[in-house]
Amino acid sequence: GISKEDAGLLWQKDLKERFTAKSLDPFIERYNIKLTQNQYDALVLFTYNVGEYVWQRDFNLKRMLINGNYTADDIIEGFLGWTTTGDNSGRTWQSGGLYRRRMDEANMFNNGIYERNETRPIPVGYE
């Protein structure tokens, strides 16, 4: 086996090679977006969780980052735009688990808080 520290380093290397270098970093560079470390880290996690090609799409959070004009509430709304999931039958729903994940990413982006909140209440309308 490997140590926890070595596993963490391998995970960071994998994130950089597979996700940020291919999609997030070019997006940030293309639009000259200035981010703090916690904002960048939140977008790395978002990219990892949603998929590396997310930055090739048009969506609210991306437009806010490009324009650079947003509030903390805008950022939360932008992340929460990515809570829909579905199954093979075509049924879709708002996922409570994805709600918590997106709120954690927004909290990291807005406040620099690096923690997973598994007890965060899930609003009505989420499953």
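Structure summary
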{"quantity": "Single unsatisfied condition, A106 versus (1) without any contact (Cβ under 8 Å) to a residue 40 or more places away in the chain; (2) surrounded by 15 or more Cβ atoms within 10 Å (Cβ to Cβ)", "calculated": "(1)"}
{"quantity": "Criterion: of a type in the set (V, I, T) and farther than 20 Å from S23 by Cβ - qualifying residue of T119, T47", "calculated": "T119"}
{"quantity": "Residue under evaluation G90, criteria (1) under 13 Å from the mean Cα position of the chain (by Cα); (2) at positive phi, criterion not met", "calculated": "(1)"}
{"quantity": "Checking T85 against (1) in a strand (DSSP E or B); (2) open to solvent by 60 Å² or more (accessible area, probe 1.4 Å), the condition it does not meet", "calculated": "(2)"}
{"quantity": "Qualifying residue in segment 12-27 (condition: modelled with pLDDT of 85 or more and among the basic types (K, R))", "calculated": "no"}
{"quantity": "Counted residues, segment 19-53 - those being over 19 Å from M108 (Cα atoms), in contact (Cβ under 8 Å) with a residue 12 or more places away in the chain, in a helix (DSSP H, G or I) and not small (G, A, S)", "calculated": "3"}
{"quantity": "Residue list for segment 54-72, restricted to those being more than 21 Å from T84 (Cα to Cα) and either touching a residue at least 12 places away in the same chain (Cβ under 8 Å) or of a type outside the set (F, W, Y) (or both)", "calculated": "L65, I66, N67, G68, N69, T71, A72"}
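Listed here are the residues, each with its yes/no results for (1) under 21 Å from Y126 (Cα atoms); (2) hydrophobic (A, V, I, L, M, F, W, C).
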residue	(1), (2)
A42	no, yes
T47	no, no
Y53	no, no
R63	no, no
T71	no, no
W82	yes, yes
T92	yes, no
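The values are calculated or read from the model by the stated rules, or taken from the named source; none is laboratory data. Just so we're clear, the structure is a prediction, and the values are computed from it rather than from any experiment. Ideal geometry is used to build each Cβ from the backbone, glycine not excepted, and the neighbour counts take in all protein chains shown. These area figures cover heavy atoms from the full protein model, side chains too; ligands, DNA and RNA do not enter into them. Shrake-Rupley method; radii C 1.70, N 1.55, O 1.52, S 1.80 Å.
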